[in-house]
Amino acid sequence: MNQELENYQHIEVEQTDRIATIWLNRPRYRNAQSRLMLNEMTDAFRKLDYDNSVKVIILAGRGDHFSAGHDLGTPEELEDQATLPYGKGTVANVNRSWHLFIENSLRWRDVKKPTIAAVQGYCIFGGLMIAS
């Protein structure tokens with residue numbers, strides 16, 4: 001497997017034969033989607049899409065749940081928001097939501113390889129967005 005795919009903090013990537021699995025790896029928070037996790041997913045999808053040895057991509061969640069949705073306030077997410085603020089107010093919230101959730105979903109939708117969501121347990125709001 002590509003060394004660049006092994007240096008993530010919030011996801012894991014495994015490849016068996018021609019099938020790559022992106023694992024959401026925040027089971028402590030039911031795989032709630034932080035900005036960092038979403039960025040790592042985008043990077044992994046892009047690299048796997050270009051990797052000719054990969055024919056199928058699976059998205060799955062470590063632990064009991066696929067994803068409890070958007071991260072609304074874990075300590076890591078709050079620290080990240082303080083480090084990289086989007087600003088305050090309605091416009092800032094809309095911009096953050098658009099860039100993190102809509103644009104990423106559209107990018108992942110456009111991956112050229114068959115992609116399967118292996119859903120178990122909770123799959124709430126943002127979880128449904130990435131599963132679909």
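The values are calculated or read from the model by the stated rules, or taken from the named source; none is laboratory data. Note that the structure is predicted; figures quoted are calculated from it, not measured. Virtual Cβ from ideal backbone geometry, glycine too; neighbours counted across all protein chains shown.
Flag: VAL13 does not match the condition of being over 13 Å from the mean Cα position of the chain (by Cα) and in contact (Cβ under 8 Å) with a residue 12 or more places away in the chain. The one condition from (1) touching a helix residue (DSSP H, G or I) at 6+ places or on another chain (Cβ under 9 Å); (2) in contact (Cβ under 8 Å) with a residue 24 or more places away in the chain; (3) among the hydrophobic types (A, V, I, L, M, F, W, C) that ALA60 does not meet is (1). The residue that is nearest to the chain's Cα centre (by Cα), counting only those in segment 77-110 that are assigned to a helix (DSSP H, G or I) and of a type in the set (Ser, Thr, Tyr), is SER105. Apart from one condition, MET41 fits all of (1) in contact with a strand residue (DSSP E or B) (Cβ under 8 Å, 6 or more places away or on another chain); (2) at pLDDT below 95; the exception is (2).
Remark: pairs (first residue in segment 97-124, within 21 Å of GLN15 (Cβ to Cβ); second residue hydroxyl-bearing (Ser, Thr, Tyr); Cβ separation under 7 Å; 6+ apart in sequence or on different chains) = ARG107/THR42.
From ARG26, ARG35, ARG30, which residue is over 21 Å from THR83 (Cα atoms) and basic (Lys, Arg)? If you could, list the steps in order and put the result at the bottom.
Numbers: ARG26 fails: over 21 Å from THR83 (Cα atoms); ARG35 fails: over 21 Å from THR83 (Cα atoms).
Going through ARG26, ARG35, ARG30 in turn, just one is over 21 Å from THR83 (Cα atoms) and basic (Lys, Arg): ARG30.
Restricting segment 58-102 to residues that are buried (at least 16 other Cβ atoms within 10 Å of the Cβ) and hydroxyl-bearing (Ser, Thr, Tyr), the residue that is farthest from ILE19 (Cα to Cα) is TYR86. As for segment 60-78, it holds no residue that is at positive phi and either acidic (Asp, Glu) or touching a His at 6+ places or on another chain (Cβ under 6 Å) (or both).
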